[in-house]
């Protein structure tokens with residue numbers, strides 16, 4: 001089976017580190033991380049990830065702006081995006097879904113089950129239920 005490429009985008013180094021370690025518990029995941037929306041746009045176009053975990057709140061270019069630009073580029077338009085956010089109320093989830101996210105993962109996430117959670121979203125397209 002080919003690797004599941006996960007691009008993790010978060011401006012917080014600690015969250016990137018914990019999520020990277022968590023995702024790598026799954027031997028089939030190949031993970032790359034970056035700290036900004038602009039870096040995510042470049043990496044997504046070059047690397048073609050299977051899924052993008054995107055922080056909603058980042059300086060300069062937030063998750064919504066990053067997703068909008070991903071959707072405008074033919075090479076990245078179809079990549080599933082899962083928002084990761086501490087703002088996971090029903091209105092927030094609805095807004096992220098309306099922007100084109102596949103799902104929302106609330107922070108703080110459970111490190112030991114993050115890879116299972118990501119797999120479940122990939123297996124269930126267009127799920128809008130937030131899981132912890």
Computed P(r) (all Cα pairs; the chain; 10 Å bins; percent): 13, 50, 34, 2
Mean Cα-pair separation over length for segment 4-123, i.e. relative contact order, pairs under 8 Å, 6 or more apart, %: 25
Burial ordering of 18, 6, fewest other beta-carbon atoms within 10 Å first: 18, 6
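We did not get these values from a lab; they are worked out from the coordinates using the rules stated. Values in this document were obtained by computation on a predicted structure and should not be read as measured data. Cβ: placed from backbone, ideal geometry, glycine included. Neighbour counts: every protein chain shown.
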